[in-house]
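Engineer: Below you'll find the structure I mean.
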Amino acid sequence: MTNKLNRNLRLGYGFSIIILLIVGTVSWLTYKTLINSNRAVAHSGEVMQKLEKLLSVMKDAETGQRGYLLSGQDSYLEPYNGAYKEAQDLGAELQKLTADNAGQQTNIAAIRDILHLKLDILQLLVNKKQRHLPVSGVDLNAGKSAMDGFRKAIARAEYDEQILLRERIAKWNRYTRLVPAFILIAILTAVFISLFSYRKVTRDIREKDRLRRELEASEEETQSLNEELTAANEEITAANEELTAINEEVVEARDELARANNLLEQRVAERTEALQASEEVTQALNEELSAINEEMMATNEELMVANEELSESQQQLQNMVDELRQADERNAKLVAIVEASDDAIIGKDLEGVVTAWNRGAEQIFGYKETDIVGQSMLKIVPEDLWHEEHGLLTRLRNGEKIDHYETVRRTSDSRLIDVSLTISPIFDKEGRVTGVSKIARDISEQKRDDQRKNDFIGMASHELKTPLTSLTALIQVLQQKLKDNAEPFVANALNKANQQTKKMTSLINGFLNISRLESGKLEIHKESFDLVHLVEEQIDELSMVVSGHTFVFKPESAIAVSADWEKIGAVISNLLSNAVKYSPKETMVTVRCLVENDHAVLSVQDEGMGINPEDLSKIFDRYYRVGTEYTKHISGFGIGLYLSSEIIQRHDGKVWAESEPGAGSTFYFSLPLERS
């Protein structure tokens, strides 16, 4: 018993300490990497800002110089006069900022050379104007060529910095995607080991209580046996006294017989028979006395055996007491660990009344143990979530364990905090649920980090959307103007550029939608339309850019739904695009649209690689991507299916998938039919 308790405690402590060391090390490395990545992104932003500012200064200087050349008024030279020093300072700052990048050092050196040339040309033209010398077209063309070269050098430096920025953002995303999952798994493992150790120790303590009760029962039986032995000794003593009295009576009887023989010799003949009968009685009495003596000897032997057994029982009792004392010491250590935990560890009965409250719970919720034990758990639950607490208790009464349930709780100063709950039922020896053990962790800071991340994604996406829109418009204008160009490379290059800008626009819109979705700003504008018509439109649009797949769609009739045309169209487009991306060319993509149980059900089936069962349950999670040799060459951030799932759920619909590795996949979603 003692060795078992020691082993359980050592294993529990050892694994918990190892997991804590691993989590601490990984958390520190992650924090350091995230800080470095954030500084690198800010550094790239500062470089790009300095480049834009340098270009702006040169534009202002050139504008002032042109105004002076045209009007001859000195007031136009105000922007030009300060431009030289400011441009030189900006060039020096850029040289310093890009000291860690050899490629950018080359770009900045080229920019500074062109900058000196441009400033010299500007100064030459100003000097000619001041000396009233004519300014020729050659001079103006030289200034224009220098400015064009300056713009190209700035654009090349910005392009290289954008590539570096994307690499740094990709590195930051990899850490933010992988490390939290690792830390979460490690924390879950630590919690599981702690709970497992706690359960083992609790079971050992229950075994200790059972042995103590059996020992007390054994002591009672021993006491009863001692009392019985004492009573038997008293009976034997009484029997000995009776035998002594009988012996004395026999002696007296013999004396009387002798006197009778002396006095009544004449009656010997008559009393012979009577005397013989008396001798027979005496013989029988002697035999009875011998038997009683033998019984007394046997009883004495039994008493000696009982005394030996009693001594052994006392030794066993002492051993059990020692084991109980050691178990109490180990239990005290376990209680100290629970009290030292920063997480709130709470015990309650099946009616929701608090029975245990550790130091971590006091720190998180602000209530002292004396203030909350014996009170209802609803004291820390907001009124609008009381139904949630009743639902959790119902599930726990049925023996269900609840892992990482995120909700809101109220502290003693009426603040609302985000918590993650892990709740386990407590069973007795018969398997009945007798109570509840709850671990609550404050995740308010984690929630705020998620919000800050979403705000950053939204801001970055919004800032990228404006130049991307301009770029798309320029590409479309070039396509229109160069559509009759005899060089096929030009048309192909513009088509690919247009496709890439569309992909980038779709990606940025996805990030913006995620930001709106998680901030509660994603609006659904429902209208009545034919779902079949929307599917046909999306297939036609995708067929214009996809030539290696065959789309099969044979609707039976129109299906009217009330939904957001644009967002449902985005969901259909995402499912069709995924079917094309994840299946080989020269295969079919089959689309079906049916009515089942007052719902429109749409499915998209491909003949691709399929999805493993362990990935199938996670594909609708945010930023989740299936990691295989085939998919690592396919672009994407894992936001399309997540957005599709959220949009369908906001239409009171469902989304799911069926797949087998090597046999293709089928994605479904359902929408309620329009009510007449």
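Each value in this text was obtained by applying a stated rule to the coordinates, not by laboratory testing. Everything numeric in this text was worked out from a predicted model, so none of it was measured. Here the Cβ is made from the backbone with ideal geometry for all residues, glycine too, and neighbour counts use every protein chain on show.
Engineer: Could you go through the stretch 61-69 in sequence order and give the Karplus-derived ³J(HN,Hα) for each residue, using 6.51 cos²θ - 1.76 cosθ + 1.60 with θ = phi - 60°, rounded to whole Hz, and x for Gly and Pro?
Structural biologist: Karplus values, whole Hz, x for Gly and Pro: 5, 5, 5, x, 5, 5, x, 5, 4.
Engineer: Let me ask something else about it. The stretch 131-228: percent of C-alpha pairs farther apart than 15 Å? If you can, show how the numbers build up before the last one.
Structural biologist: Working: 3924 of 4753 pairs.
The proportion of pairs with Cα distances above 15 Å equals 83 percent.
Engineer: Compute the distance from the alpha-carbon center of the stretch 572-612 to that of the stretch 391-455, in whole Å.
Structural biologist: One Cα centre to the other: 38 Å.
Engineer: Can you give the FRET efficiency for Glu383 and Ile185, using 1/(1 + (r/R0)^6), R0 = 45 Å, r = Cβ-Cβ distance, to the nearest 0.05?
Structural biologist: Details: r = 35 Å, r/R0 = 0.79.
So, using R0 = 45 Å, E works out to roughly 0.80.
Engineer: Here's another thing I want to ask about it. According to a simple spin-label model (label point 7 Å from Cα along Cα-to-Cβ), what is the distance in nm between Asp255 and His525?
Structural biologist: 13.7 nm
Engineer: Related question: Order of 354-366, 185-197 by packing, highest average Cβ count within 10 Å first?
Structural biologist: On the way: 354-366: 18.8, 185-197: 17.0.
Descending packing order for the listed peptides: 354-366, 185-197.
Engineer: Computed FRET efficiency, Cβ-Cβ of Thr355 and Lys581, R0 45 Å: what is it to the nearest 0.05?
Structural biologist: Values: r = 55 Å, r/R0 = 1.22.
Approximately 0.25, to the nearest 0.05.
Engineer: Which distance in nm do the two modelled labels at Ser341 and Glu400 give, with both placed 7 Å along the Cα-to-Cβ direction?
Structural biologist: My value for the distance between the label points is 2.2 nm.
Engineer: Taking the Cα centre of the stretch 151-210 as origin, work out the dipole magnitude from +1 charges on Lys and Arg Cβ and -1 charges on Asp and Glu Cβ, in debye rounded to 20. Walk me through the intermediate numbers first.
Structural biologist: On the way: 14 positive and 7 negative charges, 23 e Å.
Dipole size: approximately 120 debye.
Engineer: Expressed in nm to one decimal, what extension gain is obtained for the pair Ala663 and Glu216 from 0.36 nm per residue of sequence separation less their Cα-Cα distance? Don't skip to the end; give the middle numbers.
Structural biologist: Details: separation 447, 0.36 × 447 = 160.92 nm, distance 6.80 nm.
Stretched out fully, the Ala663 to Glu216 stretch lengthens by 154.1 nm.
Engineer: If you count, for each residue, the other Cβ atoms within 10 Å and average over each peptide, how do 105-114, 72-81 line up from highest to lowest? Mind dumping the intermediate values first?
Structural biologist: Numbers: 105-114: 18.8, 72-81: 13.7.
Descending mean neighbour count gives 105-114, 72-81.
Engineer: Order of 558-568, 427-437, 132-142 by packing, highest average Cβ count within 10 Å first? Provide the component values of the computation, followed by the final result.
Structural biologist: Working: 558-568: 18.7, 427-437: 12.8, 132-142: 11.1.
Top of the packing list down: 558-568, 427-437, 132-142.
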